[in-house]
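What follows is a set of notes on a single structure, which appears directly below.
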Amino acid sequence: MNTESNSTRPQGALAGIRVIDLSRILGGPYCGQILGDHGADVLKVEPPQGDDTRAWGPPFQNGVASYYLGLNRNKLGMQLDLASAAGQAVLLGLLEGADVVIENFKTGTMEKWGLGYEDLAKRFPRLIHCRVSGFGADGPLGGLAGYDAAVQAMTGIMSVNGEVGGEPLRVGLPVVDMVTGLNAALGVLLALQERERSGKGQFVEASLFDCGLSLLHPHAANWFGNGKRPTLTGNAHPNIYPYDAFPTRTVPVFLAVGNDKQFGLLCQHLRTEALASDPRFSKAGARSVQRQELRELLVQALAGHDGAQLAEALMQLGVPCAPILSVDAALQHPHTQHREMVVRIGEDYTGIASPIKLSRTPATYRHAPPTDLSVDGDKSSPSTS
C-alpha cells in the first residue's frame, strides 16, 4: 500500500488550480477527486443536509457511508445553502480566484439562482464551468434527471449485458457515472489547456446519456456496419473467439485470445494442436462463426487444469488469460500492491489509487474525505477533516 510521506512527493500536475466542487452523488465528485489526486486544491461544498451518498450504506465508518468515502478524498469540505442569498454570496466569494466549478444540479437550478454559466462568465471570465447532467439542457429529454442504471437501460448497455437466452442485466458497477466523471475531468483539462491560449474559460458538459452511448463499442460499430441488432452474448465477445469465460478443475478463467498466433500457442499448451490447423478454427473469423463447437472442445481440454496455474502459464506464453477473482482477491493481489493501487491516508482511510501514472508529478493523497462539515450559510468555513 502507498503510505509515502507527503513531504517526499513532488507537487501534482494540477498544483495551483483551484476547484469548487458543488456536485453530489458520483459523476461530479469523481471528477473532482481525479483533479484533486493530481494536485488541484478542491473544496467540496455540500448542501446543509450533506451529499446524499453519506447515507448510502452500510457499511459506514464513523457514521459516513463507504460509498461517499470512495469519491471524495483530496478535498476540503464545507456546507452551504445555495438556495439562500447568504449562501450565494459566500459562493461568489469562493469563486474569486477559482479556476473550475463543478456542479450537477438539475438543469436550470443554477440559472434560477443567478449562478448559471452566462452569469458567472461575465463576472469570472477565466472560470471553467463544468456541468455533469443526465441528458443535457435541451432536446427531447433535455433537463431530465439521469441515473446510472436507467441510462444503462436507455443507451443499450443492458441489452448486450447478460447470458444468452436470459434477461438484460445492469453492469455490476456504475460504469456510466464513472465514465461521465472521467469525461468531465478530461473536458476540464482540455478547457484549462485552451485557456492558456485564449485567456478565457468555457462551459464544459458531460452527460450520462452521451457517455452511455460512447461505451457501445464494438456493438455500435457492428450495427453501423451490418445493420444487425446486437444481442446478449454472455461473457463472450461478439467479434472474436475464444474470448470468453471457461470452467476448469478449480477456478474459472477468462481466455482473451485476440489473434491466430495466440490461438496456436493456446492449443500447443493444451496439447490440442489439431485445433489450430483445423479449417473450422484456424482463422479468427472462422473461430467466431464456429464458436459454439470450439467452446465445447475447449471446455473438455480445460477440465483437468488448475485455473490459476493455467492462467499464469498462458500469460507467460503471451496468451491473455486470467482467473476470475473476487473483489477482495483482486485488491489483495501482489500486482495490486506492486502498482501501489491501494492507498492509505492516516489511520481511517483506505481507497483505490489513481490509475494515472505520471513520472515527474504523480498523484498524491493529501486529504481524507471531509467527513465533518462546518455550519451552513455565511458562517461556513472549510473543514480539513
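The values are calculated or read from the model by the stated rules, or taken from the named source; none is laboratory data. Quick caveat, the model's predicted, so the values are computed rather than measured. FYI the Cβ positions are ideal-geometry reconstructions off the backbone, even for glycines, and counts take in every protein chain you see. When the accessible area is computed, the model is the full protein with side chains, heavy atoms only, and any ligands, DNA or RNA have been set aside. Shrake-Rupley method; radii C 1.70, N 1.55, O 1.52, S 1.80 Å.
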Options Ala149, Ala145: the member that is exposed (fewer than 14 other Cβ atoms within 10 Å of the Cβ) and either over 19 Å from Pro230 (Cα atoms) or under 17 Å from the mean Cα position of the chain (by Cα) (or both): Ala145
Which listed residue, of Leu297, Leu314, is in contact with a Ser or Thr (Cβ under 9 Å, 6 or more places away or on another chain), over 28 Å from Ser354 (Cα atoms) and hydrophobic (A, V, I, L, M, F, W, C): Leu297
Scan of region 124-142 for residues that are buried (at least 21 other Cβ atoms within 10 Å of the Cβ) and over 20 Å from Gly187 (Cα atoms), ordered by number: none
The lone exception for Thr364 - which of (1) of a type outside the set (Lys, Arg); (2) on the phi < 0 side of the Ramachandran plot; (3) open to solvent by 40 Å² or more (accessible area, probe 1.4 Å) it fails: (3)
Scan of region 156-196 for residues that are more than 16 Å from Leu213 (Cβ to Cβ), of a type in the set (D, E, K, R) and in contact (Cβ under 8 Å) with a residue 24 or more places away in the chain, ordered by number: Glu163, Arg195
Number of the condition not met by Gly134 [criteria: (1) touching a helix residue (DSSP H, G or I) at 6+ places or on another chain (Cβ under 9 Å); (2) over 20 Å from Gly116 (Cβ atoms)]: (2)
Selected residue [surrounded by fewer than 16 Cβ atoms within 10 Å (Cβ to Cβ) and either over 26 Å from Asp278 (Cβ atoms) or at pLDDT below 95 (or both)] from Val343, Val327, Val299: Val327
Options Pro242, Pro247; residue that is modelled with pLDDT of 95 or more and surrounded by fewer than 16 Cβ atoms within 10 Å (Cβ to Cβ): Pro247
Residue in region 207-219 that is touching a Lys or Arg at 6+ places or on another chain (Cβ under 7 Å), of a type outside the set (Val, Ile, Thr) and open to solvent by 20 Å² or more (accessible area, probe 1.4 Å) present: no
Residue among Phe263, Phe254, Phe281 that alone is surrounded by 15 or more Cβ atoms within 10 Å (Cβ to Cβ), assigned to a strand (DSSP E or B) and of a type in the set (Phe, Trp, Tyr): Phe254
